[in-house]
Amino acid sequence: MMNKTKLTFAIAFLGMLITAPFLLAGDHFDAPAVSGTSSDLSSFYAFEGANTNNLVLVANLQGLLPSGVPTQIAQFDEDVLVEFNIDTTGDLIEDLVIQATKRGDSMYFFGPVVPISTGLQSEIATFATQSKVAISSGTTDAEAIVATNNGMQFFAGARDDAFFFDLNRFNAIVSGEVTGFNEVGEDTFAGTNTLSIVVELPKSMLGTGAIGINPNAPTTPIYSIWVETKRKQ
Amino acid sequence: MKKNLYILPILFSILLFVQCTEEITDNSIIPNATCTDGIQNGDETGLDCGGSNCAPCEDAIGGIDFSGTYMQEDQVGRPAVSIVYITPGLRDAYNTTIPSELTANFQQDMQANLLLHHPAYSTNILGQDATAFSTLLSKDVLWVGQSGITTFYDGTNILTGRRLQDDVMDFHLLLLYGGADVNNPLNDGTNGQPLLIRDGVSENDKPFLANFPYLASPF
């Protein structure tokens, strides 16, 4: 006789088997605890801005949103803190953070600032430079709301998912159904959206970075950057 | 004598008051009286806030509450690393392990999954054996150049950032399946080998913007 716990486990396991092919993506739907939740990160980008003195950081959440109603009702979560972590010395410990969290109709930003504490637990550094931008709800480029403060630019709202990959074919390869990709693939992420947070800031705010980090570019000063989501306890 | 009788209850009241004040301060129920006097005094860092007795000034900017402790649930450094190289049952643990401890905790799992995906893996275009490659993967942060081209891979520059247009999955596939020679890669769909080093999707379905916020408008 199967008890309730075992039954729950069996159902969960069956669910994992059925959904397993969808667990393979950029970071889309990557792990049970965050899959499909308001803290689920789908992608992270960091690149030099159109102004080459600047760096652009992009955090995408809640990936694979179909157009129309699912995107319109998707919301940033006031209990979720999105935190860009920047290690400028190469020890994989964050030296600076930029924190973003929603309140009301706006996204609030703090930093870049030395974090109150490093690691898994954070408090919002409200003593740092504060910025905010109204969350964009439109679907055209003209409706994208951009705020500027202290040499930085900010955006928050739904955008096209910039990730592209023939995920369905990859899953078929992994499961042994087919042996390889097609010369012309099909973008599984075409026509889908994410909730995006974009920050552009002068590189000078982050210091010089560390050399000798990337063996493929040993003389290039490197920032080691990653993005985290954290939930209010 | 009569005078002393009057003083005793007064002294007793003062003692009680002091005791109560300490209790209240210790339990942080009611802030110190100076926290409501409309003057920045004592060790307050702002008007009636901050310091050792009053509520932190920063907890209520413009009446908005940003206080509290936030615990990590997810993280992303390089694209697709946890998805391709971490065993599904370990991904929640991976998402809540600080980057400086990822190699110690997950490099072996990554190496095992690398060899599961590609049992014949020997080396990649970076000259890395399975141990070296999985060690690189386990330092799962995005390296971003302070100068120069910031790209995941553009045919020349390697792991100096991640632009929107970078075909990051093709680079992952090339490292995993392509062998050591970038000019004569393995698994390129010729010589009876399957096509595994590219997925046939080389760009986004919607053009990116030249300027901020760079991402294309939503569908």
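The values are calculated or read from the model by the stated rules, or taken from the named source; none is laboratory data. None of the values given here were measured: they were computed from a predicted structure. Don't worry about glycine lacking a Cβ; one is built from the backbone with ideal geometry, like all the others, and counts go over all protein chains shown.
For region B:187-219, filtering for residues that are surrounded by fewer than 20 Cβ atoms within 10 Å (Cβ to Cβ) and under 26 Å from residue B:137 (Cβ atoms) leaves 7. The set of residues in region A:31-45 that are surrounded by 18 or more Cβ atoms within 10 Å (Cβ to Cβ) and either within 7 Å of chain B (Cβ to nearest Cβ) or not in a loop (DSSP other than H, G, I, E, B) (or both) comprises A:31, A:34, A:39, A:40, A:41, A:42, A:43, A:44, A:45. Scanning for something touching a helix residue (DSSP H, G or I) at 6+ places or on another chain (Cβ under 7 Å), outside any loop (DSSP other than H, G, I, E, B) and under 28 Å from residue B:168 (Cβ atoms), does region A:157-167 turn up at least one residue? Yes: region A:157-167 contains one or more residues that are touching a helix residue (DSSP H, G or I) at 6+ places or on another chain (Cβ under 7 Å), outside any loop (DSSP other than H, G, I, E, B) and under 28 Å from residue B:168 (Cβ atoms). Those strands (runs of 3 or more DSSP E) of region A:46-143 in which 2 or more residues are under 21 Å from residue A:206 (Cβ atoms) and within 17 Å of the chain's Cα centre (by Cα) occupy A:54-66, A:80-87, A:96-103, A:106-113. For region B:82-96, the set of residues classified as modelled with pLDDT of 95 or more and either at the interface with chain A (Cβ under 7 Å from one of its Cβ atoms) or surrounded by 18 or more Cβ atoms within 10 Å (Cβ to Cβ) (or both) consists of B:85, B:86, B:91, B:92, B:94, B:95, B:96, listed by residue number. If the condition is being outside any loop (DSSP other than H, G, I, E, B) and basic (Lys, Arg), then region B:162-200 contributes only B:162.
Restricting attention to region A:46-89, the residues that are on the phi > 0 side of the Ramachandran plot and within 9 Å of another protein chain (Cβ to nearest Cβ) add up to 1. Every condition in (1) farther than 21 Å from residue A:53 by Cα; (2) within 9 Å of chain A (Cβ to nearest Cβ); (3) out of contact with any Asp or Glu (no Cβ under 8 Å at 6 or more places or on another chain) holds for residue B:180 except the one numbered (2). Please go through region A:174-207 and pick out each residue that is of a type outside the set (A, V, I, L, M, F, W, C), touching a strand residue (DSSP E or B) at 6+ places or on another chain (Cβ under 9 Å) and within 8 Å of another protein chain (Cβ to nearest Cβ). Matches in region A:174-207: A:179, A:180, A:182, A:183, A:191, A:192, A:193, A:196, A:200, A:203. It is to be established whether one or more residues within region B:193-215 are among the charged types (D, E, K, R) and free of Cβ contacts under 8 Å to residues at least 24 places away in the same chain. Looking for residues that are among the charged types (D, E, K, R) and free of Cβ contacts under 8 Å to residues at least 24 places away in the same chain, one finds at least one in region B:193-215, hence yes. Among the residues of region A:97-113, are any surrounded by fewer than 20 Cβ atoms within 10 Å (Cβ to Cβ), modelled with pLDDT of 95 or more and under 28 Å from residue B:101 (Cα atoms)? Scanning region A:97-113, I find at least one residue that is surrounded by fewer than 20 Cβ atoms within 10 Å (Cβ to Cβ), modelled with pLDDT of 95 or more and under 28 Å from residue B:101 (Cα atoms), so the answer is yes.
Quick check: is even one residue across region B:147-169 under 20 Å from residue A:179 (Cα atoms) and either in contact with a Ser or Thr (Cβ under 6 Å, 6 or more places away or on another chain) or facing another protein chain (nearest Cβ under 8 Å) (or both)? Taking every residue of region B:147-169 in turn, at least one turns out to be under 20 Å from residue A:179 (Cα atoms) and either in contact with a Ser or Thr (Cβ under 6 Å, 6 or more places away or on another chain) or facing another protein chain (nearest Cβ under 8 Å) (or both).
Here residue A:117 clears all of (1) more than 9 Å from chain B (Cβ to nearest Cβ); (2) touching a strand residue (DSSP E or B) at 6+ places or on another chain (Cβ under 9 Å); (3) closer than 24 Å to residue B:140 by Cβ; (4) surrounded by fewer than 20 Cβ atoms within 10 Å (Cβ to Cβ) except the condition numbered (2).
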